[in-house]
Amino acid sequence: GTTLVHLGLHARQRDRSDDGAFQYRTRPLNGRGDRLVSSTAIGDSDFTYGAELSAQFGAFGVTAEYSRLEGDSTGGVDFESDGYYVDAYWSITGESRSYRGNQGSFGAIVPRNPVTNEGGLGHWMLSARYDYLDLSDPAFGANRGEQTAYGVGLDWIPLDHVRLKLNYAISEMDRTAAADDDARVISLRTQFDF
């Protein structure tokens with residue numbers, strides 16, 4: 001199996017120029033449902049920066065990222081936001097994720113024993129995720145707040161370039177000026193890559 005540690009930094013500066021004001025919002029984990037924690041369209045310019053860490057030890061791995069946003073509204077008010085996530089996984093069948101050092105990214109997993117082989121099970125992986133986003137700055141408006149989410153997943157790659165993903169996630173929206181809410185999402189996806 002592969003053993004590695006990946007460290008990364010990122011930064012981005014934006015100015016809306018003649019475009020509409022930036023809006024900041026999120027959906028519940030797994031990307032389904034209404035955006036209950038969001039800002040109004042307020043951003044005139046913003047600066048985002050952060051760091052990421054990935055570590056892989058054979059069949060086990062973890063990825064974490066932190067990001068902070070600082071900006072100015074169209075009315076000249078400063079605002080800020082931050083968020084982070086932690087993902088952990090375990091390859092039940094033992095495969096490691098492939099790593100492309102020239103791009104600083106992980107690639108697709110190729111099963112050691114695809115279902116096309118006699119007795120092949122493909123690749124199976126369990127994962128868990130925690131993420132948090134703070135959009136509670138008063139400049140964000142009535143739907144501002146915080147979102148905390150937890151998720152678990154099961155992936156099956158029966159053969160190279162085919163993946164089935166089953167995920168369950170709970171997202172809790174603690175809104176500052178509106179009623180709190182939560183979302184529970186079960187998703188089943190099939191992916192093909194070429």
Legend entry - Probe 1.4 Å - accessible area at residue 189, Å² to nearest ten: 100
Legend entry - Within the accessible area of region 1-55 (1.4 Å probe), percent carbon and sulfur: 46
Legend entry - For region 98-194, average projected area of the Cα convex hull in nm²: 8.8
Legend entry - Gyration tensor (Cα) of region 1-131, equivalent ellipsoid semi-axes in angstrom: 39, 17, 13
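Over region 74-151, what per residue volume does the convex hull of the Cα atoms give, in whole Å³? Could the numbers behind the result be given before it?
Working: hull volume 12.5 nm³, N = 78.
Expressed per residue, the convex hull around the Cα atoms of region 74-151 is 160 Å³.
Share of region 92-194's accessible area from carbon and sulfur, percent, 1.4 Å? Walk me through the numbers on the way to the answer.
Numbers: 3160 of 5750 Å².
Percent of accessible area from carbon and sulfur atoms in region 92-194: 55.
Note the full-extension length gain between residue 92 and residue 164 as 0.36 nm times their separation in residues minus their Cα-Cα distance, in nm to one decimal.
Details: separation 72, 0.36 × 72 = 25.92 nm, distance 1.50 nm.
That pair, residue 92 and residue 164, stretches by 24.4 nm at full extension.
What FRET efficiency comes out for residue 142 versus residue 19 if R0 is 25 angstrom and r is the Cβ-Cβ distance? Round to the nearest 0.05.
Details: r = 23 Å, r/R0 = 0.94.
My answer for the efficiency is 0.60.
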Inset, instruction - At 1.4 Å probe size, with every protein chain present, just tell me what the per residue accessible area of region 37-125 comes to in Å². - result: 49
Legend entry - Area of residue 186 that stays accessible when all protein chains are in place (1.4 Å probe, Å², to 10): 130
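The values are calculated or read from the model by the stated rules, or taken from the named source; none is laboratory data. Here the structure is a predicted model, which means the values were calculated and not measured. FYI the Cβ positions are ideal-geometry reconstructions off the backbone, even for glycines, and counts take in every protein chain you see. Note: areas computed on protein heavy atoms with side chains; ligands, DNA, RNA excluded. Shrake-Rupley method; radii C 1.70, N 1.55, O 1.52, S 1.80 Å.
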